[in-house]
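Colleague: Below is one structure. I have some questions about it.
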Amino acid sequence: YLAVDPGGRKIGFALGDDDSGVASPLGIEPYEGVDQTARKIAALVEQLGVGRVVLGLPTLEDGSTGPAARRTERLAEALVGLGVEVLFQNEYLTTNEARRRARAAGRSPRQPVDDLAAQVLLEEFLATRIASNVEKS
(Lines give C-alpha, C1' and ligand atoms only; values in the text may rest on other atoms or scores of the structure.)
Protein backbone atom coordinates (compact mmCIF):
# COMPACT_ATOMS: atom_id res chain seq x y z
CA TYR A 1 0.00 0.00 0.00
CA LEU A 2 1.01 3.56 -0.62
CA ALA A 3 -0.47 5.83 2.01
CA VAL A 4 -1.09 9.45 1.12
CA ASP A 5 -1.67 12.19 3.68
CA PRO A 6 -3.06 14.95 1.46
CA GLY A 7 -2.75 18.51 2.62
CA GLY A 8 -3.36 21.90 1.09
CA ARG A 9 0.36 22.61 0.69
CA LYS A 10 2.15 19.28 1.14
CA ILE A 11 1.39 15.59 0.76
CA GLY A 12 3.08 12.90 2.82
CA PHE A 13 3.74 9.35 1.68
CA ALA A 14 4.30 6.05 3.49
CA LEU A 15 4.69 2.49 2.27
CA GLY A 16 3.48 -0.73 3.92
CA ASP A 17 1.94 -4.16 3.40
CA ASP A 18 -0.50 -6.65 4.89
CA ASP A 19 2.08 -9.37 5.46
CA SER A 20 4.28 -7.49 7.91
CA GLY A 21 1.77 -4.88 9.06
CA VAL A 22 4.66 -2.43 9.01
CA ALA A 23 4.43 1.06 7.53
CA SER A 24 7.42 3.29 6.83
CA PRO A 25 7.51 6.99 6.00
CA LEU A 26 8.50 7.56 2.37
CA GLY A 27 8.68 11.30 1.82
CA ILE A 28 6.94 14.63 1.35
CA GLU A 29 6.07 16.41 -1.89
CA PRO A 30 4.39 19.74 -2.58
CA TYR A 31 0.69 19.67 -3.35
CA GLU A 32 0.21 20.97 -6.90
CA GLY A 33 -3.54 20.78 -7.40
CA VAL A 34 -5.75 17.76 -7.89
CA ASP A 35 -4.75 16.72 -11.42
CA GLN A 36 -0.98 17.21 -11.07
CA THR A 37 -0.96 15.53 -7.65
CA ALA A 38 -2.97 12.58 -8.99
CA ARG A 39 -0.49 12.14 -11.84
CA LYS A 40 2.40 12.30 -9.36
CA ILE A 41 0.79 9.65 -7.14
CA ALA A 42 -0.06 7.40 -10.11
CA ALA A 43 3.57 7.58 -11.28
CA LEU A 44 4.76 6.66 -7.78
CA VAL A 45 2.32 3.73 -7.66
CA GLU A 46 3.76 2.43 -10.94
CA GLN A 47 7.37 3.05 -9.92
CA LEU A 48 6.96 1.22 -6.60
CA GLY A 49 4.69 -1.54 -7.92
CA VAL A 50 2.06 -0.70 -5.30
CA GLY A 51 -1.33 -2.41 -5.49
CA ARG A 52 -3.47 0.20 -3.75
CA VAL A 53 -3.42 3.73 -2.42
CA VAL A 54 -4.72 4.45 1.06
CA LEU A 55 -5.85 8.04 1.02
CA GLY A 56 -6.24 9.87 4.31
CA LEU A 57 -9.72 11.34 4.60
CA PRO A 58 -9.76 14.40 6.84
CA THR A 59 -12.77 14.43 9.13
CA LEU A 60 -13.79 16.65 11.97
CA GLU A 61 -14.09 15.50 15.59
CA ASP A 62 -17.79 14.69 15.11
CA GLY A 63 -17.00 12.60 12.00
CA SER A 64 -18.36 15.15 9.55
CA THR A 65 -16.39 16.36 6.56
CA GLY A 66 -15.47 19.80 5.30
CA PRO A 67 -13.65 21.39 2.35
CA ALA A 68 -10.45 19.38 2.92
CA ALA A 69 -12.38 16.10 2.64
CA ARG A 70 -14.03 17.27 -0.57
CA ARG A 71 -10.59 18.07 -2.02
CA THR A 72 -9.45 14.56 -1.02
CA GLU A 73 -12.52 13.02 -2.66
CA ARG A 74 -11.72 14.92 -5.89
CA LEU A 75 -8.16 13.59 -5.69
CA ALA A 76 -9.53 10.05 -5.28
CA GLU A 77 -11.75 10.50 -8.35
CA ALA A 78 -8.75 11.69 -10.37
CA LEU A 79 -6.70 8.70 -9.20
CA VAL A 80 -9.45 6.23 -10.08
CA GLY A 81 -9.64 7.90 -13.51
CA LEU A 82 -5.92 7.08 -13.89
CA GLY A 83 -6.55 3.43 -13.01
CA VAL A 84 -5.38 3.58 -9.39
CA GLU A 85 -7.32 1.64 -6.76
CA VAL A 86 -8.09 3.95 -3.82
CA LEU A 87 -9.15 3.11 -0.28
CA PHE A 88 -9.93 5.69 2.40
CA GLN A 89 -8.72 5.85 5.99
CA ASN A 90 -9.94 8.39 8.50
CA GLU A 91 -6.97 10.59 9.34
CA TYR A 92 -8.45 12.31 12.38
CA LEU A 93 -5.60 13.13 14.83
CA THR A 94 -2.87 11.49 12.69
CA THR A 95 -0.98 14.79 12.49
CA ASN A 96 -1.03 15.10 16.28
CA GLU A 97 0.45 11.61 16.61
CA ALA A 98 2.99 12.41 13.88
CA ARG A 99 4.12 15.51 15.78
CA ARG A 100 4.47 13.46 18.97
CA ARG A 101 6.63 10.91 17.14
CA ALA A 102 8.72 13.65 15.54
CA ARG A 103 9.43 15.20 18.96
CA ALA A 104 10.33 11.80 20.40
CA ALA A 105 12.74 11.21 17.50
CA GLY A 106 14.35 14.63 17.97
CA ARG A 107 13.04 16.20 14.78
CA SER A 108 13.01 19.96 14.62
CA PRO A 109 9.54 21.40 15.32
CA ARG A 110 9.86 23.29 12.03
CA GLN A 111 10.38 20.12 9.99
CA PRO A 112 7.19 18.88 8.27
CA VAL A 113 5.60 15.69 9.60
CA ASP A 114 3.38 14.80 6.63
CA ASP A 115 5.35 11.60 5.96
CA LEU A 116 4.89 10.52 9.58
CA ALA A 117 1.17 11.34 9.38
CA ALA A 118 0.95 9.07 6.31
CA GLN A 119 2.76 6.37 8.30
CA VAL A 120 0.28 6.70 11.19
CA LEU A 121 -2.77 6.48 8.93
CA LEU A 122 -1.32 3.44 7.15
CA GLU A 123 -0.56 1.74 10.47
CA GLU A 124 -4.17 2.32 11.53
CA PHE A 125 -5.43 0.99 8.19
CA LEU A 126 -3.23 -2.11 8.36
CA ALA A 127 -4.15 -2.79 12.01
CA THR A 128 -7.84 -2.72 11.09
CA ARG A 129 -7.28 -5.11 8.16
CA ILE A 130 -5.17 -7.51 10.21
CA ALA A 131 -7.72 -7.51 13.08
CA SER A 132 -10.53 -8.10 10.57
CA ASN A 133 -8.69 -11.08 9.07
CA VAL A 134 -8.02 -12.56 12.52
CA GLU A 135 -11.71 -12.29 13.41
CA LYS A 136 -12.64 -14.13 10.21
CA SER A 137 -10.29 -17.05 11.01
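The values are calculated or read from the model by the stated rules, or taken from the named source; none is laboratory data. In this text, all values refer to a predicted model and were calculated from it rather than measured experimentally. So basically every Cβ, Gly included, is an ideal-geometry build from the backbone, and we count neighbours across all protein chains shown. SASA here: full protein model, heavy atoms, side chains in, ligands and nucleic acids out. Shrake-Rupley method; radii C 1.70, N 1.55, O 1.52, S 1.80 Å.
Colleague: Where does the chain land at 222 nm, in deg cm²/dmol rounded to the nearest 500, when only DSSP H runs of n ≥ 4 count, each adding -39500 (n - 2.57), divided by all residues? Intermediate values should be presented prior to the final figure.
Modeller: Details: 4 runs with 64 residues, N = 137.
About -15500 deg cm²/dmol.
Colleague: Same structure again: What number, in percent, do you get for the relative contact order of the stretch 1-109 if the mean sequence gap of Cα pairs under 8 Å and at least 6 apart is divided by its residue count?
Modeller: 24
Colleague: Okay, next question. Hey, in the GNM for the chain with a 10 angstrom Cα cutoff, which one of P58, P30, P109 fluctuates hardest?
Modeller: P109
Colleague: Hey, got the Cα dimensions of the stretch 45-137 along the principal axes, in Å, largest first?
Modeller: Over the stretch 45-137, Cα extents along the principal axes are 38, 37, 36 Å.
Colleague: Please give me, ordered by residue number, the trypsin sites (Lys or Arg not before Pro) of the stretch 77-126 that lie in loop per DSSP and have at most 11 other Cβ atoms within 10 Å. Intermediate results must be reported in sequence, preceding the final value.
Modeller: Numbers: sites: R99, R100, R101, R103, R107, R110; in loops: R107, R110.
Listed in order of number, the matching sites are R110.
Colleague: Starting from the amide H of K10, placed 1.01 Å from N in the peptide plane, find each other amide H under 5 Å away whose residue is 5 or more places distant or on another chain.
Modeller: Sorted by chain and number, the residues that satisfy this are Y31.
Colleague: Just tell me the longest site-free run in the chain, where the sites are GluC sites (Glu not before Pro) in a DSSP loop having at most 14 other beta-carbon atoms within 10 Å.
Modeller: Working: sites that count: E32, E61, E85.
Within the chain, the longest run free of exposed GluC sites (Glu not before Pro) spans 86-137.
Colleague: Please report the projected area of the stretch 5-95's Cα convex hull averaged over all directions, in nm². All intermediate terms of the calculation are to be shown ahead of the outcome.
Modeller: On the way: hull surface 23.3 nm².
Orientation-averaged projected area of the Cα hull: 5.8 nm².
Colleague: Would you check the accessible area of I28, probe 1.4 Å, heavy atoms only, in square angstrom rounded to 10?
Modeller: 60
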